[in-house]
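A quick write-up on the structure given underneath.
The values are calculated or read from the model by the stated rules, or taken from the named source; none is laboratory data. On a predicted model such as this, the values are computed, not experimentally measured, just so you know. Don't worry about glycine lacking a Cβ; one is built from the backbone with ideal geometry, like all the others, and counts go over all protein chains shown. Protein only, heavy atoms only, side chains kept; ligands, DNA and RNA dropped before computing areas. Shrake-Rupley method; radii C 1.70, N 1.55, O 1.52, S 1.80 Å.
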Amino acid sequence: MEKLPIHTGETHGASQEPKWLAPQTRPRRAIFLRRLFIVFCFLAGYYMLIRPRPTLCISPACSPCDTPGCLAPGQHKDHSTALATQNNGHEQSERPGMNQLPITSESNEQTRIPLEVHIMSKCPDAQGCLHKLVLPAMEQISDKVDFRLSFIASVSRDTSDIQCMHGPAECIGDMLMLCAANLPFPPAANKSVLPSAYPRTPIIRSLGFANCLINDYTRIPDRGLVHQCALEHGIDFDALNQCASQQSDAPDDGQRGKTPLSGIALLRQNALHSERLDVHTSCTVRLDESIWCIHDGGHWKNCTQNGEGSKPQVLANEIKRLWEERN
């Protein structure tokens, strides 16, 4: 990635006294102006420290810099600390709005409600499910759920083969989304330690990245699309590429501290998880370990609350109810 050019400038005539000063007042006014300049520099530096940080956009229509606070391509690596802060492993945004997920601080004793979405990365039902239900609900209750994005694929018990319904490209898309959620955060975190010892990508970033890809799912895994979505949501593209292209299929490697889990190992574990739950339809939404709603063939099926479960507000209200019961 090219570095932004750094321009230096010189102040010409800085040692010259202003010609408009009267001779008898020059020394006193010069001292006053120097002191005023020092005060100005101090205030400017203080402002740079406390000024509001940029925010991220998670809207399906979000693209670099088309909303206030979005960063242009190439800026996310140098400004990762200015984008957001962490609180107990979750990102806290300073200016929550309709196009981002508000994350608030919470104590370790609070019980989050399990919310899991099972998808296939190149499935149109995944796109409809995220846009019509999951993202609108998450804007209201992201701080109250233990969110997980899971994937559906066929895993061989005898070999290392994994088959995805929409072909190998879909398997790559699944791995990219799993890798994004599993990367160390911030990217500069020590990657040589056990994966359980470093904080993972905040959900506002990993879900935003997944939604960005699924929003244009026919192009998955086009490099340009992946690169753009990574920049847009502050994901380290090089680390993402390394995870997805790593050939190791040994799930124990990450636990033993050899290397972080590879994309193929993450997908294998994830697909077996969906299989154990007997989930085979993209998109299946599970709330509190039970099926909440299914989006299949462009239609909602088996939704709770007498079919009203497909409405974001109904899902959000149920999560709020469960949250109040357990906290």
Fill in the blank from the handout: Of the residues in region 99-121 that are open to solvent by 30 Å² or more (accessible area, probe 1.4 Å) and either touching a Cys at 6+ places or on another chain (Cβ under 8 Å) or modelled with pLDDT under 50 (or both), the one that is nearest to Phe209 (Cα to Cα) is Asn99
Practice task
Kindly check whether there is at least one residue in region 182-191 that is modelled with pLDDT under 95 and either in a helix (DSSP H, G or I) or touching a Cys at 6+ places or on another chain (Cβ under 8 Å) (or both).
Solution key: yes
Problem - Filtered residues of region 123-158 (kept if assigned to a strand (DSSP E or B), open to solvent by 10 Å² or more (accessible area, probe 1.4 Å) and touching a residue at least 40 places away in the same chain (Cβ under 8 Å)) - result: Phe147, Leu149, Ser154, Val155
Handout entry: Test result for Thr284, open to solvent by 30 Å² or more (accessible area, probe 1.4 Å) and touching a Cys at 6+ places or on another chain (Cβ under 9 Å)
Key = no
Exercise for the section: Return a yes/no flag: does region 140-154 have any residue that is touching a Gly at 6+ places or on another chain (Cβ under 8 Å) and at pLDDT 95 or above. Expected result: no
Handout entry: Positions within region 209-223 being of a type in the set (A, V, I, L, M, F, W, C) and in contact (Cβ under 8 Å) with a residue 60 or more places away in the chain, in sequence order
Key = Ala210, Cys212, Leu213, Ile214, Ile220
Completion exercise
In region 287-327, anything crowded, with 18+ Cβ neighbours inside 10 Å, of a type in the set (D, E, K, R) and closer than 20 Å to Arg112 by Cα is listed as Glu318
Completion exercise
If we take region 281-327, then strands (runs of 3 or more DSSP E) inside it with 1 or more residues that are aromatic (Phe, Trp, Tyr) and under 25 Å from the mean Cα position of the chain (by Cα) are 290-296
